[in-house]
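Input: a single structure, listed below in C-alpha cells.
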Amino acid sequence: MSERITCREIVKEWLEAHNFQGLCQSSCGCGIEDLAPCTGEGMEDCTPAYKFTCPHCKEVMWGRKQSESDELECPECGGQF
C-alpha cells in the first residue's frame, strides 16, 4: 500500500525545507504549526511568508520582504517597519 500524503503536508514540508515560517496573502497569514486554518479556502493565493511583530503596536503579522530595504505596513496600526 502506498503512503498517503495530503497537499497540506506537502506544502508544510516545502515551507520547512526552504526556511519559511508560514503562508500569507493580502488579508491573512498563518504559521506552519496551524497551516491554513481557513480550511484552505483561497489557499491558491497564498505565498511563503515569515512571522513579524510590529515594533509599534506589537501586532503579529505575516509577510515577506524581498530585500532589507523593503518595508512592511502593519494592518493594525499602519506603522511602517
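The values are calculated or read from the model by the stated rules, or taken from the named source; none is laboratory data. Values in this document were obtained by computation on a predicted structure and should not be read as measured data. Cβ: placed from backbone, ideal geometry, glycine included. Neighbour counts: every protein chain shown.
If a residue must be part of a helix (DSSP H, G or I) and under 10 Å from the mean Cα position of the chain (by Cα), how many such residues does segment 22-43 contain? It would help to see each step written out before you state the result.
The initial filter retains those residues of segment 22-43 that are part of a helix (DSSP H, G or I), namely 32-34, 43.
From the residues that got through so far, the ones that are under 10 Å from the mean Cα position of the chain (by Cα) too are 32.
Within segment 22-43, residues that are part of a helix (DSSP H, G or I) and under 10 Å from the mean Cα position of the chain (by Cα) number 1.
Is at least one residue of segment 6-21 surrounded by 11 or more Cβ atoms within 10 Å (Cβ to Cβ), charged (D, E, K, R) and either assigned to a loop (DSSP other than H, G, I, E, B) or modelled with pLDDT under 90 (or both)? Before the answer, list the steps.
Step one: list which residues in segment 6-21 are surrounded by 11 or more Cβ atoms within 10 Å (Cβ to Cβ), which gives 8-9, 11-16, 20-21.
Narrowing the set further to residues that are charged (D, E, K, R) leaves 8-9, 12-13, 16.
Filter again for either assigned to a loop (DSSP other than H, G, I, E, B) or modelled with pLDDT under 90 (or both), leaving 8.
Checked against the condition, which is being surrounded by 11 or more Cβ atoms within 10 Å (Cβ to Cβ), charged (D, E, K, R) and either assigned to a loop (DSSP other than H, G, I, E, B) or modelled with pLDDT under 90 (or both), segment 6-21 yields at least one hit.
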note = Here the residues within segment 44-63 that are surrounded by fewer than 17 Cβ atoms within 10 Å (Cβ to Cβ) and either farther than 21 Å from His18 by Cα or over 8 Å from the mean Cα position of the chain (by Cα) (or both) are Glu44, Asp45, Thr53, Pro55, His56, Cys57, Lys58, Glu59, Val60
query = Considering segment 22-43 alone, what residues qualify as being over 22 Å from Ser67 (Cα atoms) and either surrounded by 12 or more Cβ atoms within 10 Å (Cβ to Cβ) or at pLDDT below 85 (or both)?
reply = Ile32, Leu35, Ala36, Cys38, Thr39, Gly40, Glu41, Gly42, Met43
Top-ranked residue of segment 24-79 - restricted to ones that are among the charged types (D, E, K, R) and touching a Gly at 6+ places or on another chain (Cβ under 8 Å), ranked as farthest from Glu13 (Cα to Cα) = Glu73
